[in-house]
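Each remark here refers to the structure printed beneath this line.
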Amino acid sequence: MRYLMALFVLTLTCQAAHLQPNEILVVVNGDLSDSAQIGQDYCRKRQVPIENLIPLSLGNKLADRISRRDYDRKIAEPLRNNILYRKRAGDIRCLLLIYGVPYRVNGRGALPQDAGVIEKAKEALAREQEANKAVGQKHSPLSRQLEASLARLQGKETNASVDSELAMVLFPNYELYRWQPNALRESLEPIGWRTLMVSRLDGPSSDIAAGLVDKALHAESQGLQGHVYIDARGMDQQQNTYGVYDRDLVQWAEALQQHDKLTVHLDRSSELFAPGTCPDTALYCGWYSLKHYVDAFDFVPGAIGYHIASFEAEHLHQSNSPQWCPAMLRDGITATLGPVAEPYLHAFPRPSEFFGALLDGDCLVEGYAKTNPFNSWQLLLIGDPLYRPFASDNND
């Protein structure tokens, strides 16, 4: 008992070291040769032990989505068993999913045992709506509460990115409705070992997915230098969530003025950067052009960026998709993030926090894990999890 208590205290007081190659499980689709090859190459290039490469049988055709039942049976259960039964819990901190592993998991739908409760909830909601209509009211607090309860019972908004769901694969039970708080947010201390960091190598083609590692390694060896393009919307005075994110972009731009290797360009107008106006892009963040990429950027090797908008990773494998994630990957970006469905604005990492973590020396997946608000939800991270673009700036 004293030993366990001492171990617990030690865990509380020790900060987690940076992610190491042996702490990553590389997850491939064993039925796709491209997936297996990319996974093997990653292990070789990043010195990940080959026994940490986990092949799953997920079919010999590239698939974007997977049913909730198949996700549980073919992805979650094998990975959970590998970590727990091989006594890796606490030793494995990160999952790297490789091109060929689906990235969208469907919602679970209503549970059969809830059928009677659902009918009663529908009847109660109908009565409340009639009462509201009689007094000329669209909604009441009770009707909103009943609508939320009914949505939960019906299994609405229980779809997610595979990646975000797998962050919680070691949790025995949690509610599948919208999101769960990310236990790693702001701290990667060992006490949070149950939550995993997750990234993927993916994109519109296997060649693009494989090339993400080479570009990351190039930037690490040469140093990431170039221009930072920050596209705010002039909404920073608004007292709402839009104003919060717009202010964050402006404040991030102001903080970056102190960085001697990066030239910062801030646009506070409602217009986006025009095509061809952003040469030598090293870092980018902006908003809001829904499902419509504007080709303004010439990305340098190692470039990192994301566009704050819904659905931008919904069709990651489409070679001609206008969504921002696949389009930026086609254009040569090295790492990005985005949602596979509607995430709501507050689900995005704050730009100043995410890029700030990278500038402080964190690797890509650490920066994301520290600043991502939710798991079991819609966002995913694309890029080499070990990529540390600013490690040399921190003498580490």
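The values are calculated or read from the model by the stated rules, or taken from the named source; none is laboratory data. Predicted model only: the values in this text are computed from it and were never measured. Glycine also receives a Cβ, built like all others from the backbone with ideal geometry; neighbour counts cover every protein chain displayed. When the accessible area is computed, the model is the full protein with side chains, heavy atoms only, and any ligands, DNA or RNA have been set aside. Shrake-Rupley method; radii C 1.70, N 1.55, O 1.52, S 1.80 Å.
Does region 99-137 hold any residues that are among the small types (G, A, S) and more than 30 Å from G383 (Cβ to Cβ), and which are they? Working first, answer last.
We begin by selecting, within region 99-137, every residue among the small types (G, A, S); these are 100, 107, 109-110, 115-116, 121, 124, 126, 131, 134, 136.
Matches in region 99-137: G109, A110, A115, G116, A121, A124, A126, A131, A134, G136.
Quick grid of which residues meet (1) open to solvent by less than 50 Å² (accessible area, probe 1.4 Å); (2) touching an Asp or Glu at 6+ places or on another chain (Cβ under 7 Å); (3) of a type in the set (D, E, K, R); (4) at pLDDT 85 or above:
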position: H139; (1), (2), (3), (4): no, no, no, no
position: L150; (1), (2), (3), (4): yes, no, no, no
position: Q154; (1), (2), (3), (4): yes, no, no, no
position: N159; (1), (2), (3), (4): no, no, no, yes
position: M168; (1), (2), (3), (4): yes, no, no, yes
position: P172; (1), (2), (3), (4): no, no, no, no
position: L176; (1), (2), (3), (4): yes, no, no, yes
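If you filter region 153-164 down to residues that are assigned to a helix (DSSP H, G or I) and out of contact with any helix residue (DSSP H, G or I) (no Cβ under 9 Å at 6 or more places or on another chain), you find that the one that is nearest to R65 (Cα to Cα) is D163. D70 meets the stated requirement of being assigned to a helix (DSSP H, G or I), at pLDDT 95 or above and either touching a Leu at 6+ places or on another chain (Cβ under 9 Å) or crowded, with 17+ Cβ neighbours inside 10 Å (or both).
When region 287-299 is limited to residues that are in contact with a Pro (Cβ under 9 Å, 6 or more places away or on another chain) and under 23 Å from Y387 (Cα atoms), the one that is least open to solvent (accessible area, probe 1.4 Å) turns out to be F297. Just name the residue that is nearest to S57 (Cα to Cα) out of those in region 84-105 that are surrounded by fewer than 17 Cβ atoms within 10 Å (Cβ to Cβ), within 23 Å of the chain's Cα centre (by Cα) and not charged (D, E, K, R). Ranking the candidates gives A89 first.
Results for (1) within 17 Å of Y306 (Cα to Cα); (2) part of a loop (DSSP other than H, G, I, E, B), shown as yes or no for each residue.
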site: R194; (1), (2): no, yes
site: R200; (1), (2): yes, no
site: G203; (1), (2): yes, yes
site: L217; (1), (2): no, no
site: Y229; (1), (2): yes, no
site: Y242; (1), (2): yes, no
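Going by the conditions given, is A126 part of a helix (DSSP H, G or I), out of contact with any His (no Cβ under 8 Å at 6 or more places or on another chain), open to solvent by less than 30 Å² (accessible area, probe 1.4 Å) and hydrophobic (A, V, I, L, M, F, W, C)? So A126 fails the test. Beta carbons closer than 6 Å, at least 6 apart along the sequence or on distinct chains, pair a first residue in region 36-57 that is under 22 Å from R80 (Cα atoms) with a second that is surrounded by fewer than 19 Cβ atoms within 10 Å (Cβ to Cβ) and of a type in the set (V, I, T) for C43/I50. Each residue in region 229-271 was checked for being closer than 22 Å to Y344 by Cα, of a type in the set (G, A, S) and surrounded by 19 or more Cβ atoms within 10 Å (Cβ to Cβ), and 1 of them qualify. Of all the residues in region 73-83, those that are within 18 Å of E23 (Cβ to Cβ), under 21 Å from the mean Cα position of the chain (by Cα) and open to solvent by less than 30 Å² (accessible area, probe 1.4 Å) number 1. Among the residues of region 57-67, those that are of a type outside the set (D, E) and assigned to a loop (DSSP other than H, G, I, E, B) comprise S57, L58, G59, N60, K61, L62, A63, S67.
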